[in-house]
1. Say we look at region 318-371 and pick out the residues that are part of a loop (DSSP other than H, G, I, E, B) and within 21 Å of the chain's Cα centre (by Cα); which of these is nearest to residue 248 (Cα to Cα)?
2. I need the strands (runs of 3 or more DSSP E) fully contained in region 98-150, keeping only those with at least 2 residues that are in contact with an Asp or Glu (Cβ under 8 Å, 6 or more places away or on another chain) and buried (at least 19 other Cβ atoms within 10 Å of the Cβ).
3. For region 361-409, how many residues are of a type in the set (D, E, K, R), more than 23 Å from residue 312 (Cα to Cα) and surrounded by 17 or more Cβ atoms within 10 Å (Cβ to Cβ)?
4. Looking at this structure, is residue 381 part of a loop (DSSP other than H, G, I, E, B), touching a helix residue (DSSP H, G or I) at 6+ places or on another chain (Cβ under 9 Å) and either aliphatic (A, V, I, L, M) or at pLDDT 90 or above (or both)?
5. Give all pairs with beta carbons closer than 9 Å in which a residue from region 256-270 that is farther than 21 Å from residue 288 by Cα meets a residue that is modelled with pLDDT of 90 or more and not basic (Lys, Arg); count only pairs at least 6 apart in sequence or on separate chains.
6. Go through region 163-186 and report how many residues are modelled with pLDDT under 90 and surrounded by fewer than 17 Cβ atoms within 10 Å (Cβ to Cβ).
7. Here are 89, 104: which of them is farther than 30 Å from residue 370 by Cα and in contact (Cβ under 8 Å) with a residue 12 or more places away in the chain?
8. Just to be sure before I move on: is residue 250 surrounded by 21 or more Cβ atoms within 10 Å (Cβ to Cβ) and in contact with a Phe, Trp or Tyr (Cβ under 7 Å, 6 or more places away or on another chain) in the structure I sent?
Amino acid sequence: MSILERLEQEPYGLLPTHSEAREMSIEEVTQKVREKLLEDYPDLIIEARMSRSKRSEVITLISNVIISSELYVPKLTRQDLAERIAQEICGLGPLDELLDDESITEIMVNGPDEVFVEKHGVLVPTSVKFQNDRHLLDIINRIVQSAGRRVDVSMPYVDARLPDGSRVNAIIPPLALNGPVLTIRRFPQRYTEISQLVEGGTLQPDVASFLKNCVQAKLDIVVSGGSGSGKTTTLNVLANAVPRNQRIIVIEDSAEIRIPDHHVVYLEARPKNMEGRGEVSIRDLLRNALRMRPDRLVIGECRGKETFDLISAMNTGHEGCLSTVHANSAADCLERMVGMALMAEEGVPVDILRSWIAIGVDVVVHMEKTQSGHRVVSGVALVGSQPGQGLTNYPVFDPEYGLTLEFPPWFVEKVGESRCNFLVEGVGP
């Protein structure tokens with residue numbers, strides 16, 4: 001190793017050339033370097049914030065500034081100091097090391113001094129900390145501004161996403177009492193094939209074949225489950241089972257779904273601007289999508305008034321719709337859809353809404369997250385209207401009894417005998 005390389009790797013405190021230099025905190029050094037780089041290389045900094053491939057160039061520039069300005073932080077090598085400063089200027093500060101770990105699927109920041117992560121489905125604490133509330137707020141603002149969103153006292157919570165598609169939620173004081181709170185849900189491996197869910201233990205092989213047939217038969221499917229149960233991943237996989245000759249319109253609050261090698265149009269809702277104007281809701285996008293000649297509609301999540309429009313679309317010839325709903329069970333999912341549709345205040349009686357759901361929704365796929373952290377399909381139910389009972393669901397799969405391939409007469413009458421025969425093709429041993 002050359003003398004220069006040795007000097008690069010040694011702590012500053014061991015370098016005689018810095019023996020008289022004033023010790024500085026990393027915050028002071030970061031501020032001085034930030035001012036210098038933003039003055040001389042503003043475009044490169046912006047590029048490095050969007051692309052990590054540019055980060056090495058910034059680290060080299062930071063090293064040069066450290067040397068020329070004789071900046072010095074105890075117990076840190078020049079390389080370590082340059083990388084730490086690059087994280088603060090171009091990256092997401094202390095979060096960078098967590099985002100580099102592909103085994104982490106969720107990052108939960110509960111104020112500047114408490115950071116948890118989810119690894120392999122289990123929550124674990126980390127040693128990561130932020131300097132203070134302001135430091136954490138700076139990181140949050142960097143995330144949401146890059147996504148065209150904002151968070152401040154007038155709008156103290158926000159949903160956004162990172163360039164890699166990770167979902168971000170932030171809520172700040174005065175609503176968050178223990179300081180700014182940041183939650184990042186990551187998708188380190190974006191599943192697109194049903195076989196991948198089978199390999200991961202989420203789906204049993206026969207259930208996978210059945211659901212694939214349901215998609216190709218253009219049945220309307222709702223994926224239900226709790227938060228973090230794998231609804232979006234399962235929805236993404238089912239959407240990828242749509243035949244490639246069909247036009248898909250994807251509508252989301254924060255874009256996550258990816259359907260490669262298909263005819264797809266992606267639409268994303270937009271929040272209000274600083275003046276409280278310009279909001280475009282999922283309901284607005286759904287109504288517009290109906291004029292875009294869709295073969296399939298994929299709604300990332302129904303959680304409000306847009307449920308009414310989705311139910312209406314299902315009942316007016318738009319077959320093969322896909323969406324997700326937060327619910328505790330398949331039966332609960334249907335009742336939640338009734339309640340959310342009522343939020344639209346369209347004046348449609350509850351009994352009529354239930355009959356529309358019975359006609360429109362064909363299948364509910366329920367997801368659960370086990371105690372070990374695995375996401376599994378814990379139930380599949382057929383939806384319809386049973387004589388004398390109205391809106392009902394008929395379980396065709398649960399882990400204890402397996403998959404049932406005999407359908408009730410009311411479901412056969414609803415979707416047709418030929419489609420029912422197609423649903424069981426290739427299913428089972």
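1. Step one: of region 318-371, the residues part of a loop (DSSP other than H, G, I, E, B) are 318-321, 327-329, 343-349, 361-362, 370-371.
Narrowing further to those that are within 21 Å of the chain's Cα centre (by Cα): 321, 327-328, 370.
Values: 321: 9, 327: 25, 328: 28, 370: 32 Å.
Result: 321.
2. Answer list for region 98-150: 104-110.
3. Within region 361-409, the first condition is being of a type in the set (D, E, K, R), and the residues that meet it are 362, 368-369, 375, 398, 400, 406.
Keeping just the survivors that are more than 23 Å from residue 312 (Cα to Cα) gives 368-369, 375, 398, 400, 406.
Right, trim to surrounded by 17 or more Cβ atoms within 10 Å (Cβ to Cβ) and you get 368-369, 375.
Total satisfying the criteria: 3.
4. no
5. So the pair list comes out as 260/240; 261/240.
6. The number of residues fulfilling the criteria is 4.
7. The match here is 89.
8. yes
The values are calculated or read from the model by the stated rules, or taken from the named source; none is laboratory data. Quick caveat, the model's predicted, so the values are computed rather than measured. Glycine also receives a Cβ, built like all others from the backbone with ideal geometry; neighbour counts cover every protein chain displayed.
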